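Novice: One structure, pasted below without further comment.
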Amino acid sequence: MFMQKLPYVTVLDSEEGITLVEVLVATVLLSVMAAAAITNLTMALWTAQLTEVNFAANSLAISKVEELSAVDVDLLDASYNSTENNVQWSDLNIAFTRTTTVTVNGDSSRTVNVNVATSGSKIPTSVQFNTTFALWE
């Protein structure tokens, strides 16, 4: 066998290159790391979409409450109860169903309950917003 002398390393001719086993081990390790990275990326994208849909649902609920807050509390009653289908949010291609319920309380205050849920979406969400409007004395 021929030995080649380097300043600090001695290499035999028969030790040059890498073996098939080493290639397979490296391939398996890289595959495991890639699978973990893809799983994390998928979960991050799903979470981002869910956050965006929840934000839209919250905004639709709050906008309905703000709309009803402009009505005189004495006039706010069950006639404002409604269910709106196919409510759209401008940035998303998702339809929401918004249900509004107004309850007149014994002290003449009004409780408003707004529920917003996705309609037939692959990203299901439901948001409920409650508030009470009281008469000024």
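Novice: Could you give the length gained by full extension between SER126 and SER82, i.e. 0.36 nm per residue of separation minus their alpha carbon distance, to one decimal place? Kindly include the intermediate steps, with their values, before the conclusion.
Specialist: Values: separation 44, 0.36 × 44 = 15.84 nm, distance 1.67 nm.
Answer, rounded to one decimal: 14.2 nm.
Novice: If you don't mind, there's one more thing I want to ask. Run the dipole for the chain about the Cα centre, Lys and Arg Cβ at +1, Asp and Glu Cβ at -1, nothing else charged, and hand back the magnitude in debye, nearest 20.
Specialist: On the way: 5 positive and 14 negative charges, 60 e Å.
Approximately 300 debye in magnitude.
Novice: Sticking with this one: If I fit a long axis through the Cα atoms of helix 20-69 and take the longest principal axis of the Cα atoms of the chain, what angle between them do I get, 0 to 90°, rounded to 10?
Specialist: 10
Novice: List the relative contact order of the stretch 18-133 as a percent without decimals, with contacts defined as Cα pairs under 8 Å and 6+ residues apart. Numbers along the way, then the final one.
Specialist: Working: 155 pairs, mean separation 26.8, N = 116.
Over the stretch 18-133, the number comes to 23 percent.
Novice: Divide by every residue of the chain the summed helix terms, -39500 (n - 2.57) for each DSSP H run of at least 4, and state the resulting mean residue ellipticity at 222 nm, rounded to the nearest 500 deg cm²/dmol.
Specialist: Working: 1 runs with 50 residues, N = 137.
-13500 deg cm²/dmol, from helical runs alone.
Novice: Once both labels are modelled 7 Å past Cα along the beta-carbon direction, what's the GLU67-LEU30 spacing in nm?
Specialist: 5.6
Novice: Over all directions, the average projected area of the alpha-carbon convex hull for the stretch 40-94 comes to how many nm²?
Specialist: Working: hull surface 19.5 nm².
If I average the Cα hull's projected area over directions, I get 4.9 nm².
Novice: Among ALA61, ALA26, THR101, which residue has its Cα furthest toward the positive end of the charge dipole of the chain, with +1 on Lys/Arg Cβ and -1 on Asp/Glu Cβ?
Specialist: ALA26
Novice: Listing TRP89, TRP46 from the residue with the fewest other Cβ atoms within 10 Å to the one with the most, what is the order?
Specialist: On the way: TRP89 17, TRP46 11.
Taking fewest neighbouring Cβ atoms as first place, the list is TRP46, TRP89.
Novice: OK, next. How big is the equivalent ellipsoid of the chain along its three axes, where each semi-axis is √(5λ) from the Cα gyration tensor, reported in whole Å from largest to smallest? Don't jump to the answer; show the numbers that get you there.
Specialist: Working: eigenvalues 923, 44, 20 Å².
For the chain, the semi-axes come out at 68, 15, 10 Å.
None of the figures in this text is laboratory data; all of them are computed from the coordinates on show. Predicted, not measured: the structure shown is a model, and the values here were computed from it. Every residue, glycine among them, receives a Cβ derived from its backbone with ideal geometry; neighbour counts consider all protein chains shown.
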